[in-house]
Amino acid sequence: MMYPIQSFINPADSGSCIVELDIQNLFMRHITNKELAGIKNKYRELDIKKDELGNMYSLDTELSVRDITGRNTILNGSFIPDLGNVMFLALFESHPDVKSFIHNTNIQLQKGYNPKGQPLPVKVMSVYECTFEKEEKFSNVTLITTPFYTQLKSDGFLGLDFLRHFNVIFDFQNDKFYLKRTHKGN
């Protein structure tokens, strides 16, 4: 779906824009402010902010990666939940904090290839373990770095492979993003 979900307005709820997504089960629906009030205590609440271009929203969070030697490297960054990106996480390598983060890890970047074996304009980082928001742990994930998106101030995209582990609720009216872990797989 290419239509931005923040454009969907719920006229039955005074024009609110609260969208619940369950990527794993291919489920999306509007919920009302009243429904959100009844369930939000079961979710982790994060603030989202409109990006400088005004078309996307990002959240500030901590990303920690651990290599096979046990060494942790932390990036306090801003990430855009991106329903159009199939990857787990795409980092914008041209941003100074991301560049420093990549340099400080013991993880070797490798060339990226598509399923047909053709080279892509991205690099790949295989991560033993990564943690978001100090609690959400993932093992054996692949992150990509991309030289594109230099006009965005955010540090990367959280893609579908990340979002499929959660029920998520976007409350665009109140600049909130809610996460509830539903899929424990790696």
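The values are calculated or read from the model by the stated rules, or taken from the named source; none is laboratory data. Here the structure is a predicted model, which is why all the values come from computation and not from measurement. Positions of Cβ are backbone-derived with ideal geometry, glycine not excepted, and every protein chain shown enters the neighbour counts. Note: accessible area is taken over every heavy atom of the protein model, side chains too, but ligands, DNA and RNA are not part of it. Shrake-Rupley method; radii C 1.70, N 1.55, O 1.52, S 1.80 Å.
The string of couplings for segment 6-11 from the Karplus curve (6.51, -1.76, 1.60, θ = phi - 60°) is 6, 8, 7, 10, 9, x Hz, one whole number per residue in order, with x for Gly and Pro.
Can you classify segment 26-117 as rounded, prolate or oblate using the Cα gyration tensor, where a ≥ b ≥ c are the square roots of its eigenvalues, rounded means a/c under 1.5, and otherwise it's prolate if a/b beats b/c and oblate if not? Taking the square roots of the gyration eigenvalues as a ≥ b ≥ c, segment 26-117 is prolate. The distance separating the Cα centre of segment 6-29 from that of segment 55-106 comes to 27 Å. Hull volume per residue, based on the alpha-carbon atoms of the chain and their convex hull, is 124 Å³.
Taking the helices alone, the chain has a mean residue ellipticity at 222 nm of -2500 deg cm²/dmol, built from -39,500 (n - 2.57) per DSSP H run of at least 4 residues and averaged over all its residues. Which pairs, out of K50/K176; K50/K153; K49/K137; K50/K123; K49/K123, put more than 22 Å between their alpha-carbon atoms? Pairs exceeding 22 Å: K49/K137; K50/K123; K49/K123. Partners of K40 within straight-line reach, counting aspartates and glutamates whose Cα lies under 12 Å from its Cα and excluding those fewer than 8 residues away in the same chain: E20, D171. What accessible area per residue comes out for the chain, rounded to a whole number of Å², with a 1.4 Å probe? Per-residue value: 54 Å². Taking Cα centre as origin and charging only the Cβ of basic (Lys, Arg, +1) and acidic (Asp, Glu, -1) residues, the dipole magnitude of the chain rounds to 460 debye.
Of the solvent-accessible surface of the chain, computed with a 1.4 Å probe over protein heavy atoms with every protein chain present, carbon and sulfur atoms account for 50 percent. Relative contact order of the chain, taken over Cα pairs closer than 8 Å and 6 or more residues apart, is 28 percent.
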